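All remarks here apply to the structure that follows.
Throughout, read-outs are computed from the coordinates displayed, never taken from laboratory work. Quick caveat: nothing in here was measured; it's all calculated off a predicted structure. FYI the Cβ positions are ideal-geometry reconstructions off the backbone, even for glycines, and counts take in every protein chain you see.
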Amino acid sequence: MIKANVDIAPYTTFNISARVKSLGIFSSTHELSEILEQHPTKEITVLGGGSNVLFTQNYEGLVLVNRIKGIAIVEEDDSSVVVQVGAGENWHEFVLQSISRGWGGIENLSLIPGSVGASPMQNIGAYGVEIKDVFQELTAFNIATGKEKTFDYAACEFGYRESIFKKALKGKYIITSVTYRLNKAHIVNTSYGAIESELENKSITNPTIKDVSDAVISIRQSKLPDPKKIGNAGSFFKNPVVSKSALKKIQEIHPDIPSYSLDDDRVKIPAGWLIDTAGWKGKRFGDYGVHTNQALVLVNYDNAKGQEIYDLSQRILDDIKERFGIHLEREVNVI
Ligand code: FAD
Ligand code: EPU
């Protein structure tokens, strides 16, 4: 069913109003084909949970909301399970269900908002794990031909918050299901500093996947705003990768700058630290601003406009470039 002239705010976690010309919700590839046959248009955006998008203006095309459900075991043995999940399933609910069924590998990705379908598109990541680590394959619907295609790990071209669906195949495919290989041996990954200290505080020395999930949930709740209370889309910028010589230059003025070595020549710097150090953290301008606990997150306090958030992101980009010589990239998908 297609609705005309819809306010997109409730379909996104920024909760920012913009009129969308047509909006269709589909629960199967059959329904998706039908909608596209009845409403042929070149301008299409697909949404899952709307937790990584910012609408800066009204949209004259068709927004499709993916609600394809279903969790099916494809293969199982004593050590692992291969599970195919409908792209419209809620990501965090799938994580919780996996933990309760004893399937490990995605506990570090607890409480990330949004849908299963966006997880490979974005190569979601948190606390030392990325979706590519458990990814097996996905099926996707070609908007131009109406045919479904399977993409394996190599075909997805995963990178940091990147995949082929954000680059060469941007806007061409709708992901309909994702297949993950999860483990039953539970090799927990607590290497990310904050998890270890959270477990220590609770005196947990031999953590289960549920303990790790609980720790991740408490850390996230302590610094990230709950979109139900304050509109946001998580990190607005990516963490930049710079050369070690560029880092050295910044260290002359800021010896305390945190960095994570990637290889002999390059390091990743937390953009949150750069934005915080530049004095933006907690800054509020009317109904929008920079979150008080995490400088990477831009927020809508009430009635902010998409363009205001975008303009703020541009002011931050320009300031960081001027102060540190580092070009930040937006992580959120701007429409
Ligand atoms: P949407 O916002 O609906 O869509 C995002 C993009 O993917 C759009 O370009 C859309 O067109 C495309 N897309 C969506 N579904 C499909 C599909 N089925 N087929 C093809 N393209 C599709 N992300 C992290 O990686 N790590 C985090 O720790 C993290 N923390 C967050 C915390 C908060 C509070 C919030 C609000 C967001 C956070 N995010 C994080 C960002 C967000 O949760 C992820 O990017 C998530 O995968 C987005 O899912 P979604 O279904 O909401 O995608
Ligand atoms: N920091 C500050 N001030 C801030 C924020 C961060 O100084 O306001 C510094 C601190 O030194 C901190 C470091 O930045 O130790 C890293 O901060 P944090 O652990 O919060 O992680 P992040 O790099 O800011 C990334 C992801 C998050 C993900 C966390 C946990 C990106 C763009 N963001 O944030 O993902 O949850 O790591 O793994 O990579 C998202 O993508 O939406 C998202 C929230």
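Filtering the stretch 149-167 down to residues that are within 23 Å of Ser33 (Cα to Cα) and loosely packed, with under 15 Cβ neighbours inside 10 Å, which residue is nearest to ligand 1 (Cβ to nearest atom)?
Applying the filter and picking the extreme gives Lys149.
If Lys21 passes every condition in (1) away from ligand 1 (no atom under 15 Å from the Cβ); (2) outside any strand (DSSP E or B) but one, which one does it miss?
Tallying (1) away from ligand 1 (no atom under 15 Å from the Cβ); (2) outside any strand (DSSP E or B), Lys21 fails exactly one: (2).
Being crowded, with 17+ Cβ neighbours inside 10 Å and among the charged types (D, E, K, R) narrows it down to one of Glu60, Glu107, Glu76, Glu93, so name that one.
Values: Glu60 fails: crowded, with 17+ Cβ neighbours inside 10 Å; Glu76 fails: crowded, with 17+ Cβ neighbours inside 10 Å; Glu93 fails: crowded, with 17+ Cβ neighbours inside 10 Å.
Going through Glu60, Glu107, Glu76, Glu93 in turn, just one is crowded, with 17+ Cβ neighbours inside 10 Å and among the charged types (D, E, K, R): Glu107.
Looking at (1) more than 16 Å from ligand 2 (Cβ to nearest atom); (2) in contact with a strand residue (DSSP E or B) (Cβ under 6 Å, 6 or more places away or on another chain); (3) of a type outside the set (Gly, Ala, Ser), which is the one condition that is false for Asn232?
The one condition Asn232 does not meet is (1).
Failed condition for Ser313, given (1) surrounded by 15 or more Cβ atoms within 10 Å (Cβ to Cβ); (2) without any contact (Cβ under 8 Å) to a residue 12 or more places away in the chain; (3) of a type in the set (S, T, N, Q); (4) assigned to a helix (DSSP H, G or I), with all others met?
(2)
Determine, yes or no, whether Ser222 is within 14 Å of ligand 2 (Cβ to nearest atom), touching an Asp or Glu at 6+ places or on another chain (Cβ under 6 Å) and either farther than 26 Å from His327 by Cβ or of a type outside the set (Lys, Arg) (or both).
It is false that Ser222 is within 14 Å of ligand 2 (Cβ to nearest atom), touching an Asp or Glu at 6+ places or on another chain (Cβ under 6 Å) and either farther than 26 Å from His327 by Cβ or of a type outside the set (Lys, Arg) (or both).
Here is a check on your reading of the model: is Gly49 within 26 Å of Ser222 (Cα to Cα) and either over 21 Å from the mean Cα position of the chain (by Cα) or within 14 Å of ligand 2 (Cβ to nearest atom) (or both)?
yes
Hey, can you tell me all the residues within the stretch 102-140 that are in contact (Cβ under 8 Å) with a residue 60 or more places away in the chain, assigned to a strand (DSSP E or B) and more than 8 Å from ligand 1 (Cβ to nearest atom)?
Scanning the stretch 102-140 gives Gly104, Val129.
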